[in-house]
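Notes for the one structure printed next.
The values are calculated or read from the model by the stated rules, or taken from the named source; none is laboratory data. Only a predicted model underlies this, so the values are computations on that prediction, with no experimental measurement involved. Here Cβ is always computed from backbone atoms with ideal geometry, including for glycine, and neighbour counts include all displayed protein chains. Heavy atoms of the whole protein, side chains included, go into the accessibility calculation; ligands, DNA and RNA do not. Shrake-Rupley method; radii C 1.70, N 1.55, O 1.52, S 1.80 Å.
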Amino acid sequence: MRSQIKVLHAGRTIALRSKVSTVSAHQIPLSFRLQQRRNITTDEKPLPESEQPKGPNQDQLPHVSEEAATAGKITGEGGPELDQSSPVQEVLKRSEKSQEKAPKIMQDEFKASSPKGSRSYSTSTPLRAQAMINSESAEVQNQGHIFGLPELPLPSTSHLKHRYDPVVHQVTNLLMQDGKLSKAQRNMAMILERLRTAAPPSSDPRHPLIPGAPPTNHLPLNPILYLTLAIDSVAPLLRIRSQKGAAGGGVALQIPIPLGLRQRRRTAVMWILDAVAKKRTKGSGRTMFAHKVADELIAIVEGRSAVWDRRGGVHRLGVAARANLAFGNRRR
Amino acid sequence: MSLQTCWRCLARGSNQPHPTRWPPQQPWNLYPSLTAAFTTSSSLSALPPKKKSKSPMLETNVKGAKKTFVKKTKKRQKTDSSKRPEVGERRALRKRIVLSNTNALEVEGLKDINAQLMIDESLRGQVLGIPGPVVDQLRAVEAFKVKQGWPLFRRPAMLMRKDTLDMATEIENISLGIRDKTIRRVFVGERGSGKTTMLLQAMTMAFLKGWVVINVPEAQDLILGHTEYGPLPSTNPTLYTQRTYTASLLNAISRANPILQDLQLSQPPPRTELPIPVPPNISLSQLAHLGAQDPEIAWPIFELLYRELTLPDRPPLLLCMDGLAHAMRNTHYISNTYQPIHAHQFTLINWFLSHLSGESPLPNAGLVLAATSESNSPPVPSLTLALAQLEGNAAVQKNPFATYDARVLGVFEQGGVQVRRVGGLCKQEARGLMEYWARSGVVRQRVDEGFVGEKWSLSGGGCVGELERAVVRMRV
């Protein structure tokens, strides 16, 4: 197994930390960090079984006599003997006299009950990188770098095109009108700022947030989490597809189709934007749209929003039409 | 004449209601079954929800009764039926200044700025809180602006940067009487570099030192044509007063400067100057309040108040104006000959610019500060030229094709106006600011050398506004 050096990192004294990062960054040489090893052994981790249906020659019924033996075992009547013959080892076990006259190799087998496993040479090859690792070399590697080497794997946000949180990125694009991304980004920033400064929401037990959500009074200090929670909580699990003529006689059949994560979020955001479009503007100026969206997000967390009803309606319809699920699977 | 067709058996021409030759058909054979005979769909499928029955008129499909053209009623879009905002409520919401965010963490060990602490050079790069009474005073003179980042933090605080400490030293020297000259200064710099905040910091320190502060928060308010105006009699060229604005300015002065309560009117003004009798020995605060209540006498009271403040043994003065370029061009007001009135013909602007130009020095010393704006600034080539020349920028020369305003150039002709460019923060100051943000809970990243360096570069060399945008307001 790969040895891991874990250095507990003392975090900033902030009440909220989404994750405690264990920094094992510069202790291990880069060449070793890059090497990925993954051992699958039958004991620890059985090979994954495929979920595909089995082929025509796989998983066939056992032989007739085997089946009869199993049935006899269950009923206690004793079915047919499956073994073709009795093995020599069993015969030898029963009588000590015959053991003496057995071949030497079989006598040795009886004496050595467990394998010794003591070879004069090693069969395992040590990793070259592991052999090279020691504390001095780790220190030497940091020389010549002003800020040290980056932690690997690189965080996903370090990529230019993925620098923002995935939810923020998606919602920003959904806010965009007429291709004006900059305006959408400004609106997004104002939404987050509104979430940051608005009073902490009160939770509604009738509309619980997704499991694992922190207490609601912790949310304003982490507006992105706030946004993510609100959207993921009202996101529907499925959509209803009307398959024309599937019910027979030209009647459309309602088929529930499961949605992926991005699709679920997209649906939720579109519902939120629909609800926002119906809201009356309270103030004036460029912050108004952002404030309306933020207020709707707060209303969702507080359980006041009509988006919850919309989600419930879709889910109810999906449950009613659950018998039609097979259609969805076939057509997909 | 058409023959009647029996709808049940399709027999024709019979007068009998039903043919008797065949037994009547079973009704269920006449209707199409729900599932076609050859369909492959499973009978276990759930049926679609029943459609809501339409209005009975549309349902009837009787010949003749069917309407070929039915005017569809437009679907009414559901809108919020809540109460509409009152008149002025939207504007109030837009202009509202929020100085506190109860969600933000309270910064432990945040020191407040005071009159002794402000000249401490070791505080450079640290953030100091603004004490509560001073916040009220700053609010009264409208030193806080809407788009600044005050609503993100628990309470207002300010960064002690190099320019702040320089100004603190000057304020201290003037207060001690070491320096008895008026300092006249214009802040220039790129957008978001902290020009307006420099004015706010100057006002904070002046309040702490017991100065009298007169602030024009936006020069644009004076030229937009939003407040009433009228000519001042016996002036050539005609000067115009803005009595409502002056009254509100007097109100701000009396509320923001509690020191005026301790200062008394030295002598009652002559009746020719003020139309109302002024009781002797009233405090200057009451005097300002008189003018604030009655716009008719606001300008004479303002003049009287200013004259009183420039008497010997009065505290030093701090005069501020933001958005200087607006005060350097034609206004939206028109004269009686339908000509646009120049901003310099308005008494308040004229009064301020006479101090900025050095034409009327402050007898008790003080500071005259003005700030330009990069985000809300009309093009005034004369001002650009004058400021560039004063800054020592030889590259900016007079454009032979542009028209220059002699009045604007005249303000800076006398010299002595310092043009101070507000640049970026150094990395140490940037780090202090970012640590304050982190301790407020606004920044969630670890503030280390790499992070500070990255953001400092991203903000164009420590431009404060850009730094805030990159660290606090970015969608990360």
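A simple spin-label model places pseudo-atoms 7 Å from Cα toward Cβ; at B:Arg139 and B:His226 they are separated by 2.1 nm. Diffusion of segment B:398-465 by Stokes-Einstein, at 25 °C in a medium of 0.890 mPa s and with Rh set to the Kirkwood radius over alpha-carbon pairs, works out to 161 µm²/s.
Placing dummy labels 7 Å off each Cα toward the beta-carbon, the span from B:Val396 to A:Arg94 is 11.4 nm. On a per residue basis, segment B:107-421 carries 43 Å² of accessible surface, using protein heavy atoms and a 1.4 Å probe.
A DSSP coil position with no more than 16 other Cβ atoms inside 10 Å describes the following trypsin sites (Lys or Arg not before Pro) in segment B:134-240: B:Lys145, B:Lys147, B:Arg179, B:Lys181, B:Arg191. Pairs A:Lys183/B:Lys427; A:Lys292/B:Lys75; B:Lys95/B:Lys147; A:Lys161/B:Lys147; A:Lys54/A:Lys244; B:Lys83/B:Lys147: which are spaced more than 21 Å apart, C-alpha to C-alpha? Over 21 Å apart, Cα to Cα: A:Lys183/B:Lys427; A:Lys292/B:Lys75; A:Lys161/B:Lys147; A:Lys54/A:Lys244; B:Lys83/B:Lys147. Applying a DSSP loop filter and a limit of 11 other Cβ atoms within 10 Å to the chymotrypsin sites (Phe, Trp or Tyr not before Pro) in segment B:310-391 leaves B:Tyr338. From the square roots a ≥ b ≥ c of the eigenvalues of the alpha-carbon gyration tensor of segment A:194-244, which class results: rounded (a/c under 1.5), prolate (a/b over b/c), or oblate? Taking the square roots of the gyration eigenvalues as a ≥ b ≥ c, segment A:194-244 is prolate.
Of all DSSP bridge pairs formed entirely within segment B:107-421, close to 25 percent run antiparallel.
Listed by chain and number, the aspartates and glutamates placed with their C-alpha closer than 19 angstrom to that of B:Lys50 are B:Glu59; residues fewer than eight positions away on the same chain are left out. Excluding residues on the same chain fewer than 8 positions from A:Lys111, give the aspartates and glutamates whose Cα lies under 17 Å from its Cα. Within the straight-line cut-off, A:Lys111 pairs with A:Glu90, A:Glu96, A:Glu100. Thinking of segment B:107-252 as a set of Cα atoms, what percent of all their pairs are more than 22 Å apart? Looking at segment B:107-252, the distances longer than 22 Å represent 49 percent of pairs. In terms of the Cα gyration tensor, with a ≥ b ≥ c the square roots of its eigenvalues, is segment B:107-421 rounded because a/c is under 1.5, prolate because a/b exceeds b/c, or oblate? Oblate, since a/c reaches 1.5 and b/c is not below a/b. Partner aspartates and glutamates whose Cα lies under 16 Å from the Cα of A:Lys93, excluding those fewer than 8 positions away in the same chain, are identified as A:Asp108, A:Glu109. Residues in segment A:166-331 average 47 Å² of solvent-accessible surface per residue, probe 1.4 Å, ligands and nucleic acids excluded. Our note on the geometry: Cα centres of segment A:150-180 and segment B:345-407, 45 Å apart. Summed over both chains, the area buried between B and A is near 3700 Å², taken from the accessible surface of protein heavy atoms with a 1.4 Å probe. Shape analysis of segment A:244-332 places it in the prolate category; the axes a ≥ b ≥ c from the Cα gyration tensor give an a/c of at least 1.5, with a/b above b/c.
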